[in-house]
1. Output the residues belonging to segment B:251-273 that are surrounded by 14 or more Cβ atoms within 10 Å (Cβ to Cβ), under 18 Å from B:Asn181 (Cα atoms) and touching a residue at least 40 places away in the same chain (Cβ under 8 Å).
2. Restricting segment B:237-269 to residues that are among the β-branched types (Val, Ile, Thr) and assigned to a helix (DSSP H, G or I), which is farthest from B:Ser189 (Cα to Cα)?
3. Please indicate, with yes or no, whether at least one residue in segment B:142-154 is in contact with a strand residue (DSSP E or B) (Cβ under 9 Å, 6 or more places away or on another chain) and more than 14 Å from chain A (Cβ to nearest Cβ).
4. In segment B:28-45, which residues are outside any helix (DSSP H, G or I), closer than 15 Å to A:Arg24 by Cβ and hydrophobic (A, V, I, L, M, F, W, C)?
5. In segment B:156-211, what count of residues is obtained for those that are modelled with pLDDT under 95 and either on the phi > 0 side of the Ramachandran plot or touching a helix residue (DSSP H, G or I) at 6+ places or on another chain (Cβ under 7 Å) (or both)?
6. So is B:Phe101 surrounded by 21 or more Cβ atoms within 10 Å (Cβ to Cβ), more than 11 Å from chain A (Cβ to nearest Cβ) and closer than 22 Å to B:Leu139 by Cβ or not?
7. Of the conditions (1) within 11 Å of another protein chain (Cβ to nearest Cβ); (2) closer than 22 Å to B:Lys108 by Cβ, B:Leu36 fails just one. Which one is it?
8. Out of all the residues in segment B:202-224, which are surrounded by 17 or more Cβ atoms within 10 Å (Cβ to Cβ) and not in a loop (DSSP other than H, G, I, E, B)?
Amino acid sequence: MSRYHSVCKRHVGRAVKITTVDGRVHRGIIRNVNNTHVFLEGVPARNLGGYGYGYYRRPYGYRPGFGWGVALGSIATLALLPFFWW
Amino acid sequence: MTIVDTHNWLIAYTKNKKDKFKDNLHVQCDEICEPLLPYFNDVNAYDIHQHLLSHGLFIPDPLDKQIIKKMIKDNQWKSANKVITQLSKLWGGPDVPVFIFPSDHTNKTLRTEFKGRSGLSYHDKVFLFITDTTTKKELQALITHEYNHVTRLNEVNIQEEKLNLLDALVLEGMAELAVKNELGPDHLSNWTSMYSNEFAHKAWNKWIKPNLALKKTNLIHEKIMYGSKVIPKWLGYNVGYHLVSSYNQTHQTSMYDLIRLSSQEILDGSEFG
């Protein structure tokens, strides 16, 4: 089993930044962990500014309650995010 | 003007789509936001994806293939190029990359208040979110608004982090005044007529005047622009329109010159100053 299994288990409920071996960055709150995947729920991303047409809704990750799985075997790095990051 | 061939990115997205919604969000991020990385500094594709979604980018759904196909068939990219090239000559605006994507047709506010259109402008790039039913006039109105921002942001030449609430009011008000000049009052955004001039003055004194120097990163800036539980919807946008219109009524400045005035000059010459 991946060494990240126990790391993720220990940090359920915490915001993390995971980089996978393909270079992708996943930021989210750990909601669940099974033998193969860690499941994240989105956290608000950085505001990249700009001026719009009037339509805007605050980002809450990929919609509240939406989570996605990251294969434990694909994790290259995992860092805990401090609260001010999200 | 550099209209980026985002139709090829969209075709790649439709070809790589999977069965599950969650997978498709990742496909969308890979095909649409990864190629945008060179246009931003120090961000990842996830941040770009989230930001565009919050400004009206389509959310993967079963109808998106059909919408993309129709947008390509109607060649909305070519229509956009024509409009923006004309405006660039008229206003002396810069050549910037333009990215066109479908908007979120499942969002009721976007559909009813903005006719399914949204946009996002920076001094060096512009995003247009439209639908397969966007008419040429509707596209022209959106581009006029957004490209007005691009031109002004270049002319005032102040980093976005340093721009404040007054700058945002003037930017938005001016962009819709440009729409009125180019297309007539029928094509104005709903928020321009949401509140009367009298109400705008009351709201100005209560919420806006004390906060004019607030930077964009302050949450109250966002609440004043878009509304909150206590602040009326799109208040900042509406007051911005009243402000710039009142300046224009007494000064009759051309849009070319107006774009080049400071926010303070416009405020001082308006009924609100």
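1. B:Met255, B:Leu258, B:Ile259, B:Arg260, B:Ile266
2. Residue satisfying both the conditions and the ranking: B:Thr250.
3. no
4. Hit for segment B:28-45 is B:Val43, nothing else.
5. Adding up the residues that qualify gives 1.
6. Numbers: surrounded by 21 or more Cβ atoms within 10 Å (Cβ to Cβ): yes; more than 11 Å from chain A (Cβ to nearest Cβ): yes; closer than 22 Å to B:Leu139 by Cβ: yes.
So B:Phe101 passes the test.
7. Unmet for B:Leu36, out of (1) within 11 Å of another protein chain (Cβ to nearest Cβ); (2) closer than 22 Å to B:Lys108 by Cβ: (2).
8. B:Ala203, B:Trp204, B:Trp207, B:Ile208, B:His221, B:Glu222, B:Lys223, B:Ile224
The values are calculated or read from the model by the stated rules, or taken from the named source; none is laboratory data. Just so it is clear, the model here is predicted, and its values are computed rather than measured. Heads up, the Cβs are rebuilt from the backbone with ideal geometry, glycines too, and the neighbour counts pull from every protein chain shown.
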